[in-house]
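Take a look at the structure set out below.
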Amino acid sequence: MLVVEDDPTILDAIAARMRAEGFVVQTAADGPAAVETAAAFQPDLLVLDVMLPGYDGLEVCRRVQAQRPVPVLMLTARDDETDMLVGLGVGADDYMTKPFSLRELVARTHALLRRVERAAAVAATPRPGSVQLGDLEIDRTQRRVRAGGKDVHLTPTEFDLLLCLARTPRAVLTREQLLADVWDWADASGTRTVDSHVKALRRKIGAERIRTVHGVGYALETGALSEGS
């Protein structure tokens with residue numbers, strides 16, 4: 001695991017807690033050091049602060065993801081939805097807003113790693129075929145999406161979220177259901193993560209495809225459903 005944070009008190013606290021959880025932890029306090037350490041260490045997970053000297057966390061995320069895909073949990077001092085959407089757009093899988101509890105950070109980290117392991121297992125034994133929902137096509141085997149005849153680039157989390165919604169088209173799934181199924185995280189404090197990922201997904205496939213049921217959750221609006229083999 002690589003922890004990137006410019007506040008030494010927070011950095012030391014996260015590193016100590018994660019080592020106590022059994023993780024091998026490397027640390028960095030600025031953007032350039034984070035990119036160099038990620039290239040040398042090749043961590044299985046990146047805990048990344050947004051506000052950093054040198055490169056900010058968004059640039060670090062872009063550069064690290066260009067080297068090799070790695071799950072990223074971003075930390076932000078501002079409860080700013082724009083920052084969250086941009087972070088998700090450059091490849092972050094989850095985010096937490098400061099101040100946060102170390103207990104929740106540990107739980108989110110374990111949940112993210114379990115989800116990555118589960119996705120790898122599914123990819124190793126893919127379910128054949130594709131789901132066709134109107135002009136939206138989801139290819140499970142290649143993990144590719146086309147909307148309106150055009151390829152759509154989704155992050156791994158966005159793909160998993162879309163596939164979860166597509167399993168029961170038009171049915172409303174609660175935020176808690178989506179959080180448990182996609183993130184393997186059952187605490188309601190994370191439901192804003194769902195909202196931000198849905199907004200990011202809407203930008204890519206079209207806002208009209210995902211219906212919001214206020215106070216409940218989301219449903220995938222579709223044309224006729226067919227499933228290829």
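Things to note:
- The range 2-121: proportion of alpha-carbon pairs further apart than 16 angstrom, %: 56
- Stretching the chain fully between T168 and R211 yields a gain of 14.2 nm (0.36 nm per residue, less the alpha carbon separation).
- The length gained by stretching the chain between E221 and K204 to full extension, at 0.36 nm per residue less their Cα-Cα distance, is 4.6 nm.
- Reported value for the range 36-76: 58 Å³ per residue, from the convex hull of its C-alpha atoms.
- In this simple spin-label model, placing a label point 7 Å from the Cα along the Cα-to-Cβ direction at both A13 and Q26 gives a separation of 2.5 nm.
- By accessible area, using a 1.4 Å probe on protein heavy atoms only, the range 126-220 has 50% of its surface on carbon and sulfur.
- Under 25 Å from the Cα of K98 - lysines, other chains or at least 8 residues apart: K199
- Sequence ranges 64-70, 210-216, 200-206, ranked by mean other-Cβ count within 10 angstrom, highest first: 200-206, 64-70, 210-216
- Computing Rg and the Kirkwood Rh from the Cα coordinates of the range 126-220 gives a ratio, Rg/Rh, of 0.94.
- Around the amide H of M74, modelled in the peptide plane, lie the amide H atoms of L48, D93, D94, Y95, M96, all under 5 Å away and 5 or more residues distant in sequence or on another chain.
- Surface accessible to a 1.4 Å probe, per residue, for the residues of the range 2-121, Å²: 44
- Pair H110, M51: separation of 7 Å Cα→Cβ label points (nm): 3.1
- Stretchable slack from E59 to E36, in nm (0.36 nm times residue separation minus alpha-carbon distance): 7.0 nm
- Spin-label model distance (nm) - D151 vs R68, 7 Å beyond Cα toward Cβ: 2.4
- On the basis of the beta-carbon distance and an R0 of 41 Å, F100 and R144 show a calculated FRET efficiency of 0.75.
The values are calculated or read from the model by the stated rules, or taken from the named source; none is laboratory data. Everything numeric in this text was worked out from a predicted model, so none of it was measured. Ideal geometry is used to build each Cβ from the backbone, glycine not excepted, and the neighbour counts take in all protein chains shown. Accessible surface is based on the protein model in full, side chains and every heavy atom, while ligands, DNA and RNA are left aside. Shrake-Rupley method; radii C 1.70, N 1.55, O 1.52, S 1.80 Å.
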